[in-house]
Amino acid sequence: MLKCRVIPILTFNGFGLVKTKGFAPNPRMVGNAVQAAKVYNSRNVDELVFLDIYASDKNRKMNLQLAKLIINECFMPVALGGGIKTIEDIHDLLAIGADKVVLKSKIIDDPEFINKASQVFGNQCITLAIDAVKQDDGKYYLYNRLNKTIELFEFLDHIKSYNFGEIILTSVNNDGMMNGFDIELVNKVEKIIHVPIVVAGGAGN
């Protein structure tokens, strides 16, 4: 049996850690990011992901001071995401010790940015956040707050040849429900994207 890699994802709203449920607005506050990183480090998780989930909406950058404090608590790889729009933004995150950066909103408007970033920093540190929502018609769409309707698998087929290292695939429908992953979604994405997939949304046991 393959070893199960455990990768907690800390979601931040600009003030503290929050717990989302189906990506609904006004998520529940759950604590302090630095303290959470310390706890996860003591439990020997394989990696840690820290995302400022409203940074792009609010047109703000990652809080580098906070991110540095989180990294200082971790003896495992750390990925940072939120508000990344430029090559300089990536440089700033890697300079404080991030092992990877997570891109989301930027790649919807400008997929070519994936290759630009990989050319500068190497694809091993470029992670894409892919949030999938299953609609009533049974089709999957790329969740975004840019008011764009994007069919998920068409988007993945378009970017599959770009130079990135992995994706974080989140089922919006299962997010926070703790009733299991969307295995159908994972299997379909796996046939299109041939890089490691970190699966999120629904873990309960």
*Could you give the size of the charge dipole of the stretch 92-205 about its Cα centre, using +1 on the Cβ of each K and R and -1 on the Cβ of each D and E, expressed in debye and rounded to the nearest 20?*
120
*Dipole of the chain, Cα-centred, from +1 at each Lys and Arg C-beta and -1 at each Asp and Glu C-beta, to the nearest 20 debye?*
500
*Could you work out the helix-only [θ] at 222 nm for the chain, with each DSSP H run of four or more residues adding -39,500 (n - 2.57) and the total divided by the number of residues, to the nearest 500 deg cm²/dmol?*
-8000 deg cm²/dmol
*Pop a pseudo-label 7 angstrom from the Cα along the beta-carbon direction at both H158 and L2 and give the gap in nm to one decimal.*
2.8
*Pairs beyond 31 Å (Cα-Cα), from K68/K116; K61/K188; K3/K148; K3/K188*: K61/K188; K3/K148
*Would you please report the Å³ per residue occupied by the convex hull of the alpha carbon atoms in the stretch 129-181?*
103
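Per residue, what accessible area does the stretch 1-111 have, given a 1.4 Å probe and all protein chains present, in Å²? Mind showing how you got there, number by number?
Numbers: 6020 Å² over 111 residues.
Ligands and nucleic acids excluded, the result is 54 Å² per residue.
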*Distance histogram in 10 Å bins (all Cα pairs of the chain, percent per bin)*: 8, 36, 40, 15, 0
*Near G204, within a Cβ-to-Cβ distance under 14 Å, what is the net charge of the other residues, with Lys and Arg +1 and Asp and Glu -1?*
0
*Farthest toward positive dipole pole in the chain [+1 Lys/Arg, -1 Asp/Glu at C-beta], among P8, V102, Y143*: P8
_Positive dipole terminus of the chain, leading residue within I90, A203, I167 (C-beta point charges)_ = A203
*asked:* What's the ranking of 191-198, 24-31 by average number of surrounding C-beta atoms within 10 Å, highest first?
replied: 191-198, 24-31
*Would you mind computing the Rg to Rh ratio of the stretch 58-156 from its alpha-carbon coordinates, Kirkwood style for Rh?*
1.02
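The values are calculated or read from the model by the stated rules, or taken from the named source; none is laboratory data. What you are looking at is a predicted structure, and each value in this text was computed from that prediction instead of being measured. So basically every Cβ, Gly included, is an ideal-geometry build from the backbone, and we count neighbours across all protein chains shown. The accessibility values were calculated without ligands, DNA or RNA, using every heavy atom of the protein model including side chains. Shrake-Rupley method; radii C 1.70, N 1.55, O 1.52, S 1.80 Å.
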